[in-house]
Amino acid sequence: MIWSLIVSQFEYVAVLVSIIVGLALTQILRGVGRMVTTKDGPRAYWVHLVWTLYLFLLIVMFWWWEFRLGTVEWSLGLYIVVILYATLLFFVSLVIQPSDTHKITNFKDYFYSNRRWIFGLLIAIWLWDFVDTYSKGADHFASLSTEYLVYNASQIVGCVIGIKTANERYHEIFSVIFVIYFVTWMYRTFFVMS
């Protein structure tokens, strides 16, 4: 009883999620910082940087969206769903911006040789997003527009193609379109916190 006076249920639940999301964001920022400050390090590749930007925005959007969970009735199932979502974000941040770059000569080769992991984890995130959304209730899932379903499905399809092809033109176009649409969707969907 006294515990509930000190910290709300949401604040308690949000601590571990916040730590995992914070580690993911740290990995992204540390990787970009290393790219900027290390003169002899791997050469940057703009498509890799676009995906790094996308992941940064995705993590920030997840963090922003977390605030809405302050009004949700928590269960162990919902907690696990949210923790796993944050964990997937952390894993893809490790792949897109690896901690050890000593054996990497350039991020273009790194990106294409690791695209299966990058896009595979992004597919897992967007499939898990359906689970996450539904875990907040069938009414909540049904209240979302058709755009949500089309958007997630198109991300999954685009990532499947990204896994299968190393065509540079595809990855250039896909990365730019993906990020532009994500920014507009994020703005339209999550601009206001409440």
Can you pull out the residues in segment 139-162 that are at pLDDT 95 or above and within 17 Å of the chain's Cα centre (by Cα)?
ILE156, VAL157, GLY158, CYS159, VAL160, GLY162
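Among the residues of segment 50-108, count how many are among the polar types (S, T, N, Q), under 21 Å from TRP126 (Cβ atoms) and open to solvent by 10 Å² or more (accessible area, probe 1.4 Å).
1
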Could you run through segment 59-104 and say how many residues are modelled with pLDDT of 85 or more and among the aromatic types (Phe, Trp, Tyr)?
6
If the Cβ limit is 6 Å and pairs must be 6+ apart or interchain, which residue in segment 105-122 that is closer than 19 Å to ARG34 by Cα pairs with which residue that is among the hydroxyl-bearing types (Ser, Thr, Tyr) and outside any helix (DSSP H, G or I)?
PHE107/TYR45; LYS108/TYR45; PHE111/TYR45
Matching residues, segment 109-142, being open to solvent by 70 Å² or more (accessible area, probe 1.4 Å) and closer than 19 Å to PHE178 by Cβ:
ARG116, TRP117, LEU127
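The values are calculated or read from the model by the stated rules, or taken from the named source; none is laboratory data. Keep in mind it's a predicted model, so treat the numbers as computed, not measured. Don't worry about glycine lacking a Cβ; one is built from the backbone with ideal geometry, like all the others, and counts go over all protein chains shown. The protein model used for the area step is the full one, side chains on, heavy atoms only, and it has no ligands, DNA or RNA in it. Shrake-Rupley method; radii C 1.70, N 1.55, O 1.52, S 1.80 Å.
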